[in-house]
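In what follows, a structure is listed as structure tokens, so that the remarks can point back to it.
What follows draws every value from the coordinates through simple rules; no lab data is involved. Everything numeric in this text was worked out from a predicted model, so none of it was measured. Positions of Cβ are backbone-derived with ideal geometry, glycine not excepted, and every protein chain shown enters the neighbour counts.
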Amino acid sequence: MASALSLFLFVFAISATVSLAETNDDSISSSDFKFPKTEAERLIRSLNLFPKHEVNYHVGEEYNLGASRIVEKEFKFPFVGDSGASVQELGHHAGYYKLPHSKDARMFYFFFESRNSRATDPVVIWLTGGPGCSSELALFYENGPFHITKNLSLAWNDFGWDKVSNLIYVDQPTGTGFSYSSDDDDIRHNEEGVSNDLYDFLQAFFKEHPEYTKNDFYITGESYAGHYIPAFAARVHQGNKNKEGLHINLKGFAIGNGLTDPEIQYKAYTDYALDMKLITQSEHNSMSKSVSDCEQAIKLCGADGGSSCVAAYMVCNNIFNRIVSKSGGKNYYDIRKKCEGDLCYDFSNMEDFLNLKSVRDALGVGNIDFVSCSSTVYEAMVTDWMRNLEVGIPTLLEDGIKLLVYAGEYDLICNWLGNSRWVHAMEWSGQKEFVAASTTPFSVDGVEAGLHKGHGPLTFLKVHDAGHMVPMDQPKASLEMLKRWMQGKLPLKQADVHLAPM
């Protein structure tokens, strides 16, 4: 199967390159076409990550991981400034769950009890994208309780999302982070597999922590989690409707700089790049044929996945790669910055920290390797990439489940313009009212931190002075955003100033 897919990709890439060469655009080269594995490796190197393995396989039983249930321990990270709190007082947990609908998969997670009110604050789960990148990226560089310093010590994050929630980070899909299997059949290829695994984990988590079943529950994440999150939210909602296991008090889901509706979002690449002066009008015009080809390829892909979706991946990512090649080394996660060669961020301290014996002992992971980002998981999800995950959202909105879509204004790869367009185009009973709603300021400490638009359960927020990773670039604003949204106070009050529509 794998060799057939490789052959298909090779034939397609060659034919597509020849076809494009027959257009009169001399700027197109075969280097703009990149295979999924190559794209994954570029992503990983751009973050200065060097995982030991392409995927987290582990053969052999660990003494504490054999049961098909949660195995969890309270822990305290070494190298943390002494807060005087005991392990029990901190309320920090790490654990594994043996996934029941797998051959041998174990899902790893962190759980940080709220620093505010554990009994009443919502439970929030965070999913990092990739696909195939560990949620520890967000834990240590975005919205977790700690930041990693240069000497590998930990400093408390004053704007960690555990300030207002009981916060879960999950390494998923299987093969990512500390999550592992001994069987490659457990590598997921679509949102059905991913969301079912997450739902099974959530059921086990709330059985382990029944005191939190009454709390509100929210799903959050960024980037490729724009696929994971709607599918997971729909799975939880379906489970509640069908009375499968414990009722999960799902109140909303939030997508940050996500990829959700590729047909709309890929068409926005050239417009965003032109607006931000990454390409010229002439270059924008020359890419119109590629944009049209991308649109047609995605229509063939539809919402069901399959080989046509691999073709769409190749055609459409050519547009992004051409923009990047013309941008003069701009960081495609934050166009205010430049990449130095392949390096756009340095997140290597995370790998170094999690590979320390003292840290691994504290977490109880034994000799399980940490795979920061898995190129194998990335490649496995390629048939899922161009699927439209917006299609299941209207049902959730109609049933009163809230959606927040937010995006940093300087991100190219999952830019605010494409996200705004799919949110506006989404058909639901409140669409007309949402489209007609005024754009108002989102202010933090009296300073405009973004632009807000909302109606009923749907909210869109363009965040100022931020790139792809909003909680990293604007930590205080992102914490305020989360808190107000969960409290139904985003924006804090209806502004008198009405700005240009988004």
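Between HIS53 and LYS277, what is the label-point separation in nm under the 7 Å Cα-to-beta-carbon projection?
4.8
Stretch ASN355-LYS76 to full length: gain in nm at 0.36 nm per residue minus the Cα-Cα span?
98.9 nm
Would you mind checking the pairs LYS326/LYS453; LYS243/LYS402; LYS330/LYS483 and listing those with alpha carbons more than 28 angstrom apart?
Beyond 28 Å between Cα atoms: LYS326/LYS453; LYS330/LYS483.
In the calculated pair distance distribution of the stretch 391-486, what percentage of Cα-Cα distances lie above 17 Å?
So the portion of pairs separated by more than 17 Å is 49 percent.
Along each of the three principal axes of the Cα atoms of the stretch 250-407, give the extent in whole Å, ordering the values from largest to smallest.
Taking max minus min along each principal axis of the Cα atoms, the stretch 250-407 gives 56, 46, 31 Å.
Would you pull out the residues with amide H under 5 Å of PHE442's amide H, same chain only if 5 or more places away, H placed 1.01 Å from N?
Under 5 Å from the amide H of PHE442 lie the amide H atoms of ALA449, GLY450, LEU451, HIS452, each far enough along the sequence or on another chain.
So between ASP465 and LYS289, what do we pick up on full extension, going 0.36 nm a residue minus the alpha carbon distance?
60.1 nm
Non-local amide H neighbours of ASN157 (under 5 Å, H modeled in plane, Pro and chain starts lacking H): which ones?
The answer is PHE146, HIS147.
Just the Kirkwood number for the chain, please: inverse of mean 1/r across all distinct Cα pairs, in Å, one decimal.
That comes to 23.1 Å for the chain.
Take GLU208 and SER182, extend 7 Å from each Cα along the Cα→Cβ direction, and tell me the distance between the two endpoints in nm.
2.1
With the crude spin-label approximation of a point 7 Å out along Cα→Cβ, what separation in nm comes out for GLU340 versus THR395?
5.0
Are there cysteines in the chain with no second cysteine's Cβ under 4.7 Å away, and if so, which?
CYS414
Once whole DSSP H runs in the chain are found, which of them have Cα atoms spread over 27 Å or more along the helix axis and a mean Kyte-Doolittle score of at least 1.6?
2-21
Hey, got a sec? Which GluC sites (Glu not before Pro) in the stretch 414-463 land in a DSSP loop and have at most 15 other Cβ atoms within 10 Å?
Taking the stretch 414-463 and a limit of 15 other Cβ atoms within 10 Å, the loop GluC sites (Glu not before Pro) found are GLU427.
Compute the relative contact order of the stretch 391-486 as a whole-number percentage, counting only Cα pairs closer than 8 Å that sit 6 or more residues apart in sequence.
It comes to 32 percent, rounded to a whole number.
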